[in-house]
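The values are calculated or read from the model by the stated rules, or taken from the named source; none is laboratory data. These figures come from a predicted structure and were not determined experimentally. Glycine gets a Cβ as well: all are built from the backbone with ideal geometry, and neighbour counts include every protein chain shown. Keep in mind that these areas ignore ligands, DNA and RNA; they rest on the heavy atoms of the full protein, side chains included. Shrake-Rupley method; radii C 1.70, N 1.55, O 1.52, S 1.80 Å.
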Amino acid sequence: VAQMPRLVGALGGLALTTGLVTPPPVAQTPTQYREDVDVEASAFVPELSETESTPRSFEELLRRSLVLAGGTEENDEKERAIEEENKKVCHAITECYCMRHTLKHMNNVCGWCESKGRAYVGSERAPDEMDGYCAYWIFNSKNCPNLWCSEDYGLWWWSACTSPLVVALVLVWMAKIAYATKPPLPFKPPSIQLQRTKDQFFLGLWGRRALIPPGKTFQTYFSGGINLHNPFHGIRLRTRSCFDRVLSHVAWFSLYSALFNTCLKVAPIFLHKIHYDMICEILVEASRLSSVLNMIMSFLFSFYALGRVSWWWDVMNQARLCQGRNHDLAMIMSGYTCAQKPTTGESWLEHRWTFYRFQMLAFIFAFRKHSATFGQIDYSDMENCSLMEPSERAILEKCLHPRDVVMKWWSMFIEHHVLDGPVRALMLDKLCQLRQGYQSIDNLVQLRAPWSFEAILSGVVTLWVVIIPLSTVQDVRDRTMVRDSLPLMVTITNVLACGFYLTVLALLDTFKDPFGLWYDSMDCETILLETDTSIWDYLTAPVPECLRDQCQDKQLHLPSNELALGESEVLEARVAA
């Protein structure tokens, strides 16, 4: 076939030379026409015009034409050897998809007859060596009914196929056994169990009081920084953080994603091409659904998450604002009582103790309905730690808003004992700001998005997480690419995406309880201890010798030997004063 153009040319030249073909009539003389034909014939068969005589038979004409075309007996033997080799390689194929391994040997001359289940030498149209007609002829390995070839499935293929399942099972083990955490349970703050007596308050800086544990902060901060050697060194498990809350869900999702990707990898191998194409169309439509959900979720997350983070900072600022107002009141009261004599015969130290108790009670009642730990504090605990007297307890137990009643008593105390008009007005203004701050915390904690919005957000995120494996499927119509893909990396990608969205969703749920028990929540006990210790220092710290003349309260005078005295000696000295 390859030599056919040259063979036709040679036959045409010989036919014109020998006169077997009559030239068409042209407007030329016979002599001119003969000369033109001789030139053309010599161009096709130059050796014949110079060395050979005119052939006398058709067989001789054909033999000479084949010689001129390059068809020798040696070439024929080579061609027959190649054909036999091709047949040998093709007949060794036992599965349709194994034809792809013959491409490097013979430039794809093998085909597969599916109706007979055997490979033959052929072309794209039909087999060459087969008698009869093949009803289902496949020349390209990509068109096989399924992509099964037993030669391909070695250790590497099985490792690539099962590695996602192994990783998923390890994550499930970590979530259920190694890093399993129980939901936190509410408990009473240790600081509230410390008894604060009047005697210890009289001792002031030498008395037994609450202390702030080292490293205890109002909010837990991430201090991981940048570390390329260990990017996850700042992330800790078993800390009741959002990572612990979603670890179990992410582990089960990894198992689901690994099963999906593994089944997708083996689908072209075991499923018929027609069935695979049907599943392929379903996956393509599902990927379009994932694109729509991704757009909706991106809008909701960007709108809602940033707003909740800003809201979180507002709650923290309001809590710090209330702490600052308490410090202002304690500072003004301590300065006023040092410079002025008491209105009655009682000592200012007694009034400072009452002032201190009102501040602490108002603070505890302000956070008691928002904090799970402060919610465990009852009236008996406040009475046992000497912050509440029995008569006050009898009244407050009947009140629906005990914080407002305590602040009422507090304002009465200021009105009665602070006689200086500007100072009294300033303290009452600070007290009103403190009440407004406590009320702002109540309002902010109750500030939520509409129920429908949160329901849509939760539903969209959950649905998106379910179809994350579908969104990462690419070129699913190419069965060869799907079969040769690595499902481990796709599974890891899906797990990271799922972990991110579920963690953000858990963090948004944590925002609903800013003073809860989770690792990300704000610790009310810390801000209570900070306020307690600051007020204690404001109201009980003695004055140095340089200010002794301005201090009217003799109990705050600092004797030269007081620093060397013990608790009992200091108490006796102050009681005597």
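In table form, for the structure just shown:
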| read-out | value |
| --- | --- |
| Integer Hz, Karplus 6.51/-1.76/1.60 couplings in order for the range 302-317, x for Gly and Pro | 5, 7, 8, 5, 5, x, 6, 5, 4, 5, 4, 5, 5, 5, 5, 5 |
| Length gained when the stretch Ala455-Val292 is fully extended (0.36 nm per residue, less Cα-Cα span) | 56.9 nm |
| Residue-normalised accessible area of the range 383-483, expressed per residue, 1.4 Å probe, Å² | 53 Å² |
| Contour excess over end-to-end distance, with Cα ends at Leu400 and Glu79 and 0.36 nm allotted per residue | 105.0 nm |
| Gln552 long-range amide H proximity, modeled H, under 5 Å | Ala339, Gln340 |
| Theoretical FRET efficiency, 1/(1+(r/R0)^6), r = Cβ-Cβ of His416 and Leu517, R0 35 Å, to 0.05 | 0.30 |
| Within the accessible area of the range 442-523 (1.4 Å probe), percent carbon and sulfur | 66 percent |
| Interchain or long-range residues, amide H under 5 Å from Tyr519's placed H | Ser241 |
| Long pairs among Lys176/Lys369; Lys198/Lys398; Lys87/Lys116; Lys398/Lys512, criterion Cα-Cα beyond 22 Å | Lys176/Lys369; Lys198/Lys398; Lys398/Lys512 |
| Cα gyration tensor, the range 303-437 - rounded (a/c under 1.5), prolate or oblate | oblate |
| Residue-by-residue Karplus 3J(HN,Hα) for the range 382-398, coefficients 6.51, -1.76, 1.60, Hz, glycine and proline x | 5, 6, 5, 8, 6, 8, 9, 8, x, 5, 5, 5, 4, 7, 5, 5, 8 |
| Label-point separation, Met278 to Arg548 (7 Å along Cα→Cβ), nm | 10.2 nm |
| Inter-site label distance for Gln340 and Asp484 at 7 Å from Cα along Cβ, in nm | 9.0 nm |
| Surface accessible to a 1.4 Å probe, Phe303 within the full protein complex, Å² | 130 Å² |
| From phi via Karplus (6.51, -1.76, 1.60), per-residue ³J(HN,Hα) for the range 364-381 in Hz, x at Gly/Pro | 5, 5, 5, 9, 5, 8, 10, 9, 5, 6, 5, x, 7, 7, 10, 5, 5, 5 |
| Other-chain or far-sequence residues with amide H under 5 Å of Tyr120's (modelled H) | Gly111, Trp112, Cys113 |
| Share of carbon and sulfur in the accessible heavy-atom surface of the range 264-339 [1.4 Å probe, %] | 72 percent |
| Exposure ranking of Asp532, Asp128 by accessible area [1.4 Å probe, largest first] | Asp128, Asp532 |
| Phe222 versus Asn140: modelled label distance in nm, points set 7 Å from Cα along the beta carbon direction | 4.9 nm |
